[in-house]
Amino acid sequence: MTTTVNAYAATQPWGSSAPLTKTTVERRDVGPNDVAIDIKFAGICHSDLHTVSGEWGDVTFPMTPGHEIAGIVTEVGSDVTRYAVGDRVGVGCFVDSCRECEFCQAGEEQYCNNPGMIGTYNGTGRDGKPTQGGYSDAIVVDENYVLRIPDSIALDKAAPLLCAGITLYSPLRHWDAGPGKRVAVIGLGGLGHMGVKLAHALGAHVTVLSQSLKKMEDGLRLGADEYFATSDPDTFKKLRGSFDLILNTVSANLNMEDYLGLLRLDGTLVELGMPENPMPIPAGVLIFGRRRLSGSLIGGIKETQEMLDFCAEHDVTPEIEVIEASYVNEAYERMLASDVRYRFVIDNSTL
Ligand code: NAP
Ligand code: ZN
Ligand code: ZN
């Protein structure tokens, strides 16, 4: 038995002639450890767009994206202990993992290697069926992969925290962003604007590196101390050797040599954006300056809860544009054109 719910899905690789369309998806019955969630809002992440466009490899169509999910619990399984009907909850980028490998045991389920986390969409559930994401009316998830949304955070604003929020919080904490640290965020989009807010709340000195100065006023209002246009070659001369930590949130290829050169001795550039194509890195820029290049993937369940509680405590929430579900294709086009301020969030009552 399953329940049929409204959804938006891609039926083939996304493009202007192959938009997401209205459809339905099946949700499993609530098992002993499951929580059923009435999805109120779903954020639109650039990863949704990479995935439905086929830029990251194989997609099982039809596919409903969405891994920034906020809603209300409508039913709980007989063995569920943490959640009750009526609770405000969220679901992020994964809905299960092996629970046994060293990374799952350490609460870093996103790095599960046995064989890997089960993505909220375009994954394969324990029942062998393709997982379907948050652009839908409801979802059923094991309680261990559900987050509690603090009362002070509105559900529409909570949704983007489940991916954009944790993806920036995790590296900021891992690399000890705080007072006395100079942090740069490349790209002021969904991820980037959360990076600015979170780094500022952690007490770091924050610089935005954006393509132009068009969003400078916003960037400074969101908590940046400085703002530079990367279209101006002087930016790279002026800022050479200045940052302890650079978070690259850009969804397209950059000239990495230029950006790595902005790190000071022992500084780290963390790659968060995942463009379709590889980016060459000349060894010299790493060697002369003992610079480091890393990556970081979302965050584990424990750290995601910590991030939500941090955001509630420090009043950190995303800037959002709430849209009707039928606007999703236009939202994708605008995201591709860097015309997003700063996260689209679907009102799922319009599905
Ligand atoms: P987004 O809202 O579209 O923001 C990306 C920003 O990058 C744009 O707003 C723009 O900022 C800048 N940008 C875009 N195209 C550019 C270009 N050609 N050259 C220079 N800058 C450009 O996307 P998002 O949702 O924040 O996601 C960003 C990336 O992170 C995507 O690749 C996504 O898949 C990835 N991601 C990774 C993780 C992870 O765990 N590592 C999690 C979520 C998403 P400006 O206008 O300010 O220049
Ligand atoms: Zn995402
Ligand atoms: Zn595991």
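Kindly evaluate G66 against the criterion of being of a type outside the set (V, I, T), outside any loop (DSSP other than H, G, I, E, B) and touching a residue at least 12 places away in the same chain (Cβ under 8 Å). Show your work before the answer.
Details: of a type outside the set (V, I, T): yes; outside any loop (DSSP other than H, G, I, E, B): no; touching a residue at least 12 places away in the same chain (Cβ under 8 Å): yes.
Here the answer is no, as G66 does not meet what is asked.
Select from the range 255-278 the residues that are part of a loop (DSSP other than H, G, I, E, B) and open to solvent by 40 Å² or more (accessible area, probe 1.4 Å) and write down the one among them that is farthest from W56 (Cα to Cα). Only one residue fits best here, namely N255. Take T51 and tell me if it is part of a strand (DSSP E or B) and polar (S, T, N, Q). No. Taking the range 282-307 as the range and being under 17 Å from G241 (Cα atoms) and not in a strand (DSSP E or B) as the test, the residues that pass are P282, A283, G284, V285, L286, I287, F288, G289, R290, R291. Report, by residue number, each residue of the range 335-351 that is more than 9 Å from ligand 1 (Cβ to nearest atom) and buried (at least 17 other Cβ atoms within 10 Å of the Cβ). Answer for the range 335-351, where residues must be more than 9 Å from ligand 1 (Cβ to nearest atom) and buried (at least 17 other Cβ atoms within 10 Å of the Cβ): V345, I346, N348, L351.
Screening the candidates V89, V95 for the property of being in a strand (DSSP E or B), within 16 Å of ligand 3 (Cβ to nearest atom) and closer than 21 Å to I166 by Cα yields one hit, V95. Which of the residues that make up the range 74-123 are of a type in the set (A, V, I, L, M, F, W, C) and within 16 Å of ligand 2 (Cβ to nearest atom)? Scanning the range 74-123 gives V91, C93, F94, V95, M117, I118.
Of the residues K215, K237, which single one is farther than 20 Å from L168 by Cα, more than 16 Å from ligand 2 (Cβ to nearest atom) and either open to solvent by 30 Å² or more (accessible area, probe 1.4 Å) or more than 20 Å from the chain's Cα centre (by Cα) (or both)? Every option except K237 fails the conditions. Exactly one residue out of S53, S47 is over 17 Å from T120 (Cβ atoms) and open to solvent by 10 Å² or more (accessible area, probe 1.4 Å), and it is S53. Among C98, C112, which is the only one that is buried (at least 20 other Cβ atoms within 10 Å of the Cβ), farther than 27 Å from T350 by Cβ and either of a type outside the set (V, I, T) or within 13 Å of ligand 1 (Cβ to nearest atom) (or both)? Within the list C98, C112, the selection yields C112. Of the residues G300, G267, G273, G289, which single one is in contact with a Phe, Trp or Tyr (Cβ under 7 Å, 6 or more places away or on another chain) and among the small types (G, A, S)? Only one candidate qualifies: G267.
The values are calculated or read from the model by the stated rules, or taken from the named source; none is laboratory data. Just so we're clear, the structure is a prediction, and the values are computed from it rather than from any experiment. Please note: Cβ atoms are built from the backbone with ideal geometry, for glycine as well, and neighbour counts cover all protein chains shown. With ligands, DNA and RNA removed, areas are computed over all heavy atoms of the protein, side chains included. Shrake-Rupley method; radii C 1.70, N 1.55, O 1.52, S 1.80 Å.
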